[in-house]
Amino acid sequence: QVQLVESGGGLVQPGGSLKLSCVISGTDFEINAMAWLRQRPGKRERDFVALITSDGRTNYGDSVKGRFAISGDNAKKMVYLEMNNMTPEDTAVYYCNAQVRRPAFETAWQNLWGQGTQVTVSS
């Protein structure tokens, strides 16, 4: 069974920085891509924040370009999100997302989510 767990959320002051982590646990699986999405207070949808592919390519949402950085460690099966120069609009529940598959049992990529971690930017 493949699972995702986020950590690192908390309270940070405007202009501050925070680093989130996500680890994928399980056996005999492959990762195609991992991403961070966030759900802002009062919103139903989860907004795209950042994505990294298995070959290291990255992409960012417009609102975080130049401030956030996504990185990954293939050996450790982890992905990180470094958040800098944060503003109150960054307040949200941040979710780790992964496209994974178990080659012995499936050919299609499966979309998995972590439980989310709360990030609050406030003075």
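The values are calculated or read from the model by the stated rules, or taken from the named source; none is laboratory data. All values reported here derive from a predicted model rather than from experimental measurement. All Cβ positions, even for glycine, are placed from backbone atoms using ideal geometry, and neighbour counts span all protein chains on display. Just so you know, the surface numbers come from the protein's heavy atoms only, side chains and all, with ligands and any DNA or RNA stripped out. Shrake-Rupley method; radii C 1.70, N 1.55, O 1.52, S 1.80 Å.
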Among the residues of the stretch 9-31, are any open to solvent by 60 Å² or more (accessible area, probe 1.4 Å), touching a strand residue (DSSP E or B) at 6+ places or on another chain (Cβ under 9 Å) and without any contact (Cβ under 8 Å) to a residue 40 or more places away in the chain? no
From 69, 98, 104, 50, grab the single residue that is aliphatic (A, V, I, L, M), in contact with an Asp or Glu (Cβ under 9 Å, 6 or more places away or on another chain) and open to solvent by less than 60 Å² (accessible area, probe 1.4 Å). 69
Pairs where the first residue, in the stretch 56-68, is aliphatic (A, V, I, L, M) and the second is not in a loop (DSSP other than H, G, I, E, B), C-beta under 6 Å, 6+ apart: 64/49
Does residue 40 fit the bill of being crowded, with 17+ Cβ neighbours inside 10 Å, closer than 19 Å to residue 88 by Cβ and modelled with pLDDT of 95 or more? no
Go through the stretch 1-19 residue by residue and tally those that are in a strand (DSSP E or B) and under 14 Å from residue 113 (Cβ atoms). 4
